[in-house]
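Here the structure is laid out as structure tokens; the discussion comes afterwards.
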Amino acid sequence: MTSLHKALKTTQLLLLVLLAVVNPLSAQPADEIKHPRIENLLFFVQKNPDANTVIYELNLNKDGTICTQAPVKVSWIKYAEDGKREELSNIEKKYVYGVQSQDLGNDEYEIHLMACTKLPLYLKRSQTDNKYKIYIKDEDTHYLLKRAFIKLDRCSFWYPKVQYIDLVAVDTANGREILRRINIGSQAEF
């Protein structure tokens, strides 16, 4: 990696931290966030215009060990329908909310969301409590992913237009929440 590229990445990270300090997590109003209470929850995704939530949780075998072929399990919590749990449709799994995983060894997995395959996430054990958690990696720093918010410009069943995706993470070094916004643009479709 060239020194210019490294300097640009460092500048980008500093801007993200500054954004979080100056305008802390203003994308989704706090009163609209419903925090799922799931034992093995890794992170969750919400979107406008409804409160239904996609949850990503640790997938365990019956003996309590991680399922190495599919370490992350994804489903809906339909808050608009009395909070019932529901599996993703095949289309949702394949194109939007599903995940691909790769075992990296040493109890670590690289996870890719189908909607944003260019952003690798890492499932690994936390150094503080030894529980599995999902991290975003920037340079050599891992940020704990807490939730994501998808802002839709226009919503139709077949072609929702995504404006941006906000990733809310925690800097594990200092406990501060940060916001990473991925601008998708009006021409992009999920």
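Things worth noting here:
- Interchain or long-range residues, amide H under 5 Å from Tyr164's placed H: Lys151, Ile184
- Kirkwood Rh (inverse of mean 1/r, distinct Cα pairs), the stretch 49-160, angstrom: 15.5 Å
- Secondary structure note: in the stretch 42-152, about 90% of the DSSP beta bridges are antiparallel.
Any read-out appearing in this document is the output of simple, stated calculations on the displayed coordinates, not a laboratory observation. Note that the coordinates shown come from a computational prediction; the quantities given were computed from them, not determined experimentally.
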